[in-house]
Protein chains: 2
Amino acid sequence: MTIVVGFVPTKEGRAALARAVEEARLRQSKLVVINSNRGGRDYDDDTSQTAEAELQRVTDELSGHGLELEVRQLVRGNEPAEDLIAVANGTDADLIVIGLRRRTPVGKLILGSNAQRILLDAPCAVLAVKG
Amino acid sequence: MTIVVGFVPTKEGRAALARAVEEARLRQSKLVVINSNRGGRDYDDDTSQTAEAELQRVTDELSGHGLELEVRQLVRGNEPAEDLIAVANGTDADLIVIGLRRRTPVGKLILGSNAQRILLDAPCAVLAVKG
C-alpha cells in the first residue's frame with residue numbers, strides 16, 4: 001500500500017504531512033512525499049530554499065521510525081495537482097492526503113483549483129485535512 | 001473515535017459507505033450512518049422507500065460483525081451537507097466519508113455544492129471516495 005502527500009511549507013501543508021504520517025503508520029503503508037516545484041524564475045529564491053530545508057528536517061525526523069518513506073523532488077513545471085496525480089498513478093497509490101485552508105466566517109464557498117482537480121482526478125481516495 | 005457517513009443509494013454513496021465501514025474497522029471507531037431526507041413532497045415516494053429498504057439491508061448485514069453502528073434518520077428539511085456537518089459536530093467526529101462521482105473524460109472541472117460545503121465546513125478530516 002502507498003500513500004502520497006504533497007509537501008507545502010504552510011499550515012495546511014504541515015497538517016497534511018502530519019496526517020499522512022499517521023495514516024501510513026496505521027495502515028503500514030509506504031509514504032511518498034512530493035516536493036513539487038514549478039521551476040523557472042522562483043526556483044532559486046529564498047522561499048524555495050526554506051521549503052527544502054524544512055522538508056529535509058522533516059525527512060530526518062521521520063527516518064528511523066520504521067516508516068517506509070520516499071521523498072521525490074519534482075521540477076517539471078507542472079501544477080502541484082498534476083504532479084500529485086501522476087505520482088499517485090505511477091505508484092498505484094491507495095490514498096492521497098491534501099491540506100485545505102480553514103474558511104473564515106465570511107470566507108467564500110469555494111475550493112482552490114488544485115484541491116478540486118485532485119479530488120476529481122485522483123485515481124484513489126483523497127483525505128482532505130484542515131490546516 | 002467516530003466516523004460519520006451519509007447514506008445515498010447511488011454508486012458513489014455505496015462506495016462511501018463501504019469505505020467508511022473499512023475505516024471504522026481499521027480504526028476501531030464507531031460508525032454513524034446518516035440517512036438525510038429533506039422531507040416534503042418527495043418523502044413518501046418510491047425512491048425514498050427503496051433507499052430506506054436498502055439502508056435496512058445494509059444495517060442488517062453490518063450488525064453482528066463487531067462494528068459499533070448507529071443509523072440516524074434525519075428529516076429536517078436540510079441539505080445533506082448541513083445534516084452531515086451538524087452530526088459530525090455533535091458526535092465530535094474524527095472523520096467524514098463522502099462519495100464523489102467519477103468525472104467523464106469531457107466532464108466539467110467542478111465539484112458538487114454539497115461536497116464543496118462538506119470539505120470546507122467539516123470540523124474534521126474528510127475522506128472523498130470515488131463511486
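Structural remarks
- Yes/no for A:Val106 being modelled with pLDDT under 85 and either away from every other protein chain (no Cβ under 11 Å) or buried (at least 16 other Cβ atoms within 10 Å of the Cβ) (or both): yes
- Tally of residues being open to solvent by 10 Å² or more (accessible area, probe 1.4 Å), assigned to a loop (DSSP other than H, G, I, E, B) and facing another protein chain (nearest Cβ under 9 Å) across region B:112-131: 2
- Residues that are modelled with pLDDT of 90 or more and outside any helix (DSSP H, G or I), drawn from region A:9-59: A:Gln28, A:Ser29, A:Lys30, A:Leu31, A:Val32, A:Val33, A:Ile34
- Unique match (being in contact with a strand residue (DSSP E or B) (Cβ under 7 Å, 6 or more places away or on another chain), within 8 Å of chain A (Cβ to nearest Cβ) and either of a type in the set (A, V, I, L, M, F, W, C) or under 22 Å from B:Ser29 (Cβ atoms) (or both)) among B:Leu95, B:Leu100, B:Leu74: B:Leu100
- Residue within region A:89-97 that is open to solvent by 20 Å² or more (accessible area, probe 1.4 Å) and modelled with pLDDT under 90 present: no
- Residue list for region B:73-84, restricted to those being modelled with pLDDT of 90 or more and either among the basic types (Lys, Arg) or open to solvent by 20 Å² or more (accessible area, probe 1.4 Å) (or both): B:Glu82
The values are calculated or read from the model by the stated rules, or taken from the named source; none is laboratory data. On a predicted model such as this, the values are computed, not experimentally measured, just so you know. Cβ atoms come from the backbone with ideal geometry, glycine included; neighbour counts cover every protein chain shown. Heavy atoms of the whole protein, side chains included, go into the accessibility calculation; ligands, DNA and RNA do not. Shrake-Rupley method; radii C 1.70, N 1.55, O 1.52, S 1.80 Å.
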